[in-house]
Amino acid sequence: MNKIMLFLLGLLILGACSSDHAQKTPKEVKQYSIEQFMDNETIFGSSFSHDYSKILLGSNISGTYDAYTIPVEGGEKTALTNSTSTIRPISFFPEDDRILYTSDNDGDEIYHLFLRNEDGSVVDLTPKEGARASFYGWAHDYKSFFYGSNARNPQFTDVYEMEIEGFESSMLYQNDEAYNFGGISNDKRYLALTKSINTNDSDLFLYDLSAKEIKKISEEQAAYQPADFSTNSRELYYTTDKGAEFSYLKKYDITTGKHSDVLKKDWDIAYAYFSRSGKYQIVGINADGKNELSILNTESNKQLDFPVIAGADITSVNISKNEELMTFYAGSSRSSSNLYLYRLSDGSFQQMTNTLNPAINPDDLVEAEVVRYPSFDGLDIPAIYYKPKNASPDNKVPALVWVHGGPGGQSRVGYRPRIQYLVNQGYAILMVNNRGSSGYGKTFYQLDDLNHGENDLQDCIEGKNYLASLPYIDKDKIGIIGGSYGGYMVMRAMTHTPEAFKVGVNIFGVTNWIRTLRSIPPWWESFKDALYLELGDPYSADSTRLYDISPLFHADQVKNPVMVLQGSKDPRVLQIESDEMVAEIEKNGVPVEYVLFEDEGHGFVKKENQIESNQRILEFCDKYLKNTSELKE
């Protein structure tokens, strides 16, 4: 599991010394507006209807996320919902065209489960005010589904089963120990549970619902994550990094108590699961910032001859109940993900959607590259790099160091409208995976523990130095940008190393660690102690260090322009964090711009807000970074 939440899961790896960026011929490309970039469609989900005639998915084509269906034979989408709040479709019902979906209130993360009937009427199945619910999956007989809810106690997420007939709920497991749910066996006898030891390690448990007994099945201290039960409910598959740098797949025989290795790779195995009968096992590997997929036919013990889509990252595989159809998503850094349908009977496949705005020529977009550069102590830092096509020694461009969220997140190769928009407008982007990022082994992952805002910040500064060494980058025009934990790193840089970056763009970043750690949402109880171990306990002597690394208390050091973007419904980084930071910077007489969205949370999901935020970021960077020489004149 990535630090706190994770989140979860063919390019040439270029070293800093062997980069051939300078040799690439510059090319003039058409510039596109943010409206054109945001006119792309983002889609997710792929539940099959009971008769396999339709696929359920979520799309933001209307400006916010709603539920749609698309015919299996291909064709236009049909809207099922029309909401001003984000709707995340989950699944068709097993025997009719009703659907389940989840939604919150403009980003407050208080999710409820909703039933949409075939006549369009909607029922809140988990209506308790202030309680959040999470869908866990259908029972194997499809007569009920499982979900988690903190309705009993805001700090603890209990496990419930809801019958389809009558929608009556019963509690299966009262979770008074803040365990994390990891799956339920097909016979409904066993629950897989984990408990965080710290943000790197966890214990794995098996709870017997019949005997009402819990058993710790993890071995030595390491990271453990349930993957899936075998279809006969006799084995639990899980990933662990016990005795290794990277997570690999093992299984536990429930009857004998024996642990066995199943699959090891050179990178983390991110997930593994079975199709309904167990005929196929799907495994995802996080390979140097890209997703690699393995689908094993367990009957023939042969790998599935999977379709090859040039340059694409394959994700989100879903095999139908009858195991005759499979959907997956394919996308790249130059193309937003599209839904594909694969027919297992004959190996044919078809593209079901076309999400990239037809007004945008993919040849004008930039292919991401995986690069590495040495940090201050010689540690190799991986990063995802986007070079503008018009950059050359005769046309030097400004650059931004991008810092991901987390802590413990990872920047990966993939399509991001904001990144492509900025690159299209002439900014080089280096997405740094500083020490503490996931995906590069547990030693690298642990290097920022109780060291946030220090060596990880130096990795970002060395990223700036790497950019400055490239002959087509204007070394005097390099800024830093990031969201959430990345936003914290922006403000830490602007206060702790105020001369390092010419501008900082802080997107809902932490500025006061003491308050943030004391105001953790109650439903994060299972992660709280682990988070305190990594960052520090705000109720102990650790508060001294937390004060020292909190940008708010050092705002008088800010010297260069800053932009802050925030959602007022954010339950993780409260609005007051940004309010106070902006007010303190203003006292310095330093340019600071504040963009506040009243209807967003921790992440901006509405297109109109995405358009405004990205446009404002570009205007800010153009004014204070790209055109600084003009300002001086």
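Evaluating C621 against the criteria (1) assigned to a helix (DSSP H, G or I); (2) within 23 Å of the chain's Cα centre (by Cα); (3) crowded, with 16+ Cβ neighbours inside 10 Å leaves one unmet condition, (2).
Would you mind stating whether I549 is of a type outside the set (F, W, Y) and either over 27 Å from E499 (Cα atoms) or touching a Lys or Arg at 6+ places or on another chain (Cβ under 9 Å) (or both)?
Working: of a type outside the set (F, W, Y): yes; either over 27 Å from E499 (Cα atoms) or touching a Lys or Arg at 6+ places or on another chain (Cβ under 9 Å) (or both): yes.
Yes, satisfied.
If you go through the range 251-275 and keep only what is farther than 22 Å from D288 by Cα and either within 26 Å of the chain's Cα centre (by Cα) or not assigned by TED's automatic domain parsing to the domain that holds L344 (or both), you end up with F274, S275. Applying a threshold of 6 Å to beta carbon distances and a minimum spacing of six or more residues, or different chains, the list of pairs starting in the range 328-341 at a residue that is part of a loop (DSSP other than H, G, I, E, B) and ending at one that is of a type outside the set (S, T, Y) and surrounded by fewer than 20 Cβ atoms within 10 Å (Cβ to Cβ) reads S333/E367; R334/P362; R334/E367.
Would you tally the residues in the range 483-502 being of a type outside the set (K, R), more than 26 Å from the chain's Cα centre (by Cα) and not in a helix (DSSP H, G or I)?
From the range 483-502, those of a type outside the set (K, R) are 483-491, 493-501; that's our starting set.
Next cut, more than 26 Å from the chain's Cα centre (by Cα) only: 495-501.
Now narrow it down to the ones that are not in a helix (DSSP H, G or I): 497-501.
Residues meeting the conditions: 5.
Take the residues of the range 430-470 that are of a type in the set (D, E) and assigned to a helix (DSSP H, G or I): which is surrounded by the most Cβ atoms within 10 Å (Cβ to Cβ)? Of everything passing the filter in the range 430-470, D459 is surrounded by the most Cβ atoms within 10 Å (Cβ to Cβ). Pairs are defined by a Cβ separation below 6 Å, a sequence spacing of at least 6 or placement on different chains, a first member in the range 611-633 that is modelled with pLDDT of 95 or more, and a second member that is of a type in the set (K, R); the pairs so defined are N614/R418; L625/K477; L625/K502.
Does K475 satisfy being surrounded by fewer than 21 Cβ atoms within 10 Å (Cβ to Cβ), among the basic types (K, R) and within 17 Å of G409 (Cα to Cα)?
Numbers: surrounded by fewer than 21 Cβ atoms within 10 Å (Cβ to Cβ): yes; among the basic types (K, R): yes; within 17 Å of G409 (Cα to Cα): no.
Taking the combined requirement at face value, the residue does not satisfy it.
For the range 489-503, check the following and say yes or no: at least one residue is outside the structural domain of Y179 (by TED's automatic domain parsing), modelled with pLDDT of 95 or more and on the phi > 0 side of the Ramachandran plot. Break it down into steps so the answer makes sense when it comes.
Within the range 489-503, the first condition is being outside the structural domain of Y179 (by TED's automatic domain parsing), and the residues that meet it are 489-503.
Subset that is modelled with pLDDT of 95 or more: 489-503.
Retained after the next criterion (residues that are on the phi > 0 side of the Ramachandran plot): none.
Scanning the range 489-503 turns up no residue that is outside the structural domain of Y179 (by TED's automatic domain parsing), modelled with pLDDT of 95 or more and on the phi > 0 side of the Ramachandran plot.
Just to check your reading of the model, which residue among I549, I617 is over 30 Å from S62 (Cα atoms) and among the aliphatic types (A, V, I, L, M)?
From the options I549, I617, the qualifying one is I549.
Among what's in the range 560-618 and is of a type in the set (D, E) and under 20 Å from the mean Cα position of the chain (by Cα), pick the residue that is nearest to P407 (Cα to Cα). Give the steps one after another, and end with the answer.
To start, the set of residues in the range 560-618 that are of a type in the set (D, E) comprises 570, 577, 579-580, 584, 586, 593, 598-600, 608, 612.
In the following step, the residues that additionally are under 20 Å from the mean Cα position of the chain (by Cα) were identified as 570, 600.
Working: D570: 17, E600: 21 Å.
Selected residue: D570.
Considering each of P407, P374, P417, P382 in turn, give the residue that is at pLDDT below 95, in the same structural domain as M489 (by TED's automatic domain parsing) and either among the polar types (S, T, N, Q) or farther than 26 Å from F620 by Cα (or both). Going through P407, P374, P417, P382 in turn, the sole match is P407. Residues in the range 93-113 that are over 20 Å from E129 (Cβ atoms) and β-branched (V, I, T): I99 only.
Mind listing just one residue for me: the one in the range 529-545 that is touching a Ser or Thr at 6+ places or on another chain (Cβ under 9 Å) and not in a loop (DSSP other than H, G, I, E, B) and, of those, surrounded by the fewest Cβ atoms within 10 Å (Cβ to Cβ)? Reasoning before the result, please.
Quick first cut of the range 529-545, residues touching a Ser or Thr at 6+ places or on another chain (Cβ under 9 Å) only: 529-538.
If we keep only those that are not in a loop (DSSP other than H, G, I, E, B) as well, we get 529-535.
Values: D529: 15, A530: 21, L531: 21, Y532: 18, L533: 18, E534: 21, L535: 26.
That would be D529.
Note on the range 218-232: residues that are closer than 17 Å to K195 by Cβ, polar (S, T, N, Q) and touching a Phe, Trp or Tyr at 6+ places or on another chain (Cβ under 7 Å) total 2. Inspect the range 279-297 for any residue being outside any strand (DSSP E or B), within 26 Å of the chain's Cα centre (by Cα) and within 30 Å of N434 (Cα to Cα) and give the result as yes or no. Yes, the range 279-297 contains a residue that is outside any strand (DSSP E or B), within 26 Å of the chain's Cα centre (by Cα) and within 30 Å of N434 (Cα to Cα).
Quick check, is G75 under 30 Å from L596 (Cβ atoms) and more than 24 Å from the chain's Cα centre (by Cα)?
no
Looking only at the range 54-74, decide whether some residue is part of a strand (DSSP E or B), of a type in the set (F, W, Y) and farther than 18 Å from N338 by Cα. Within the range 54-74, not a single residue is part of a strand (DSSP E or B), of a type in the set (F, W, Y) and farther than 18 Å from N338 by Cα. Return the residues of the range 546-566 that are surrounded by fewer than 18 Cβ atoms within 10 Å (Cβ to Cβ) and farther than 30 Å from E612 by Cα; say none if nothing qualifies. If the condition is that a residue be surrounded by fewer than 18 Cβ atoms within 10 Å (Cβ to Cβ) and farther than 30 Å from E612 by Cα, then Y547, D548 are the ones that fit. Per the listing V317, V308, V371, the residue uniquely under 26 Å from V403 (Cβ atoms), out of contact with any Asp or Glu (no Cβ under 8 Å at 6 or more places or on another chain) and of a type in the set (A, V, I, L, M) is V371. Exactly one residue among Y179, Y136, Y147 is of a type outside the set (D, E), under 26 Å from K321 (Cα atoms), assigned by TED's automatic domain parsing to the domain that holds G257 and buried (at least 21 other Cβ atoms within 10 Å of the Cβ), and that residue is Y147. In the range 395-429, the residue that is surrounded by the fewest Cβ atoms within 10 Å (Cβ to Cβ) out of those that are within 24 Å of P374 (Cα to Cα) and in contact with a Cys (Cβ under 8 Å, 6 or more places away or on another chain) is Y427. Scanning the range 312-327 for residues that are under 27 Å from the mean Cα position of the chain (by Cα) and assigned to a loop (DSSP other than H, G, I, E, B) returns A312, S320.
The values are calculated or read from the model by the stated rules, or taken from the named source; none is laboratory data. Keep in mind that what you see is a predicted model, and the values were worked out from it rather than measured. Note: ideal-geometry Cβ built from the backbone for every residue, glycine included; neighbour counts use all protein chains shown.
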